[in-house]
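J.: Before we start, here is the structure in question, set down as structure tokens.
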Amino acid sequence: MAATAQVVHDILRALGTVPPMFGDHTWQGGAADQWADGWQRRKAQLTALLYAVLAEQPHLIARLSEAERHGLAS
């Protein structure tokens, strides 16, 4: 689970590096603005999912521990 959390944090950090690249020095106009808006929406969805993974980890660990106590996990 620690490896999963590390990967989630790595992805979140990588997502944070993209917005500084937005601007008129790379791409200008309505299409650029539309792409940036779409990217922000997708980033928000992905970020929510990644935080959900982190939030779910303690529940998964507890369920696995309970299964191990009952001899159900291998």
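The values are calculated or read from the model by the stated rules, or taken from the named source; none is laboratory data. Because the structure is a prediction, the values reported are computed rather than measured. Counting neighbours? That spans all protein chains shown, and the Cβs are built from the backbone with ideal geometry, glycine included. The area values use the complete protein model at the heavy-atom level, side chains included, leaving out ligands, DNA and RNA. Shrake-Rupley method; radii C 1.70, N 1.55, O 1.52, S 1.80 Å.
J.: Once each part is reduced to its C-alpha centroid, what is the distance from segment 45-73 to segment 8-22 in angstrom?
T.: Measuring centre to centre over Cα atoms gives 25 Å.
J.: Mind giving me the nanometre distance, one decimal, between the label points for Ala2 and Asp33, set 7 Å out from Cα along Cα→Cβ?
T.: About 4.9 nm separates the two model spin labels.
J.: For helix 30-69, report the angle its Cα long axis makes with the longest principal axis of the Cα atoms of the chain; keep it between 0 and 90° and round to the nearest 10°.
T.: Approximately 10 degrees, to the nearest 10.
J.: Taking mean projected area of the Cα convex hull in nm² as the quantity of interest, determine which of (i) 6.1; (ii) 6.5; (iii) 4.6 was computed from the displayed structure.
T.: Among (i) 6.1; (ii) 6.5; (iii) 4.6, the one calculated here is (i).
J.: Send over the semi-axes of segment 14-56's equivalent ellipsoid, whole angstrom and largest first, taken as the square roots of 5 times the C-alpha gyration tensor eigenvalues.
T.: So the three semi-axes of segment 14-56 are 26, 11, 4 Å.
J.: At 1.4 Å probe radius, can you tell me the per residue accessible area of segment 13-62 in Å²?
T.: With all protein chains present, segment 13-62 gives 73 Å² per residue.
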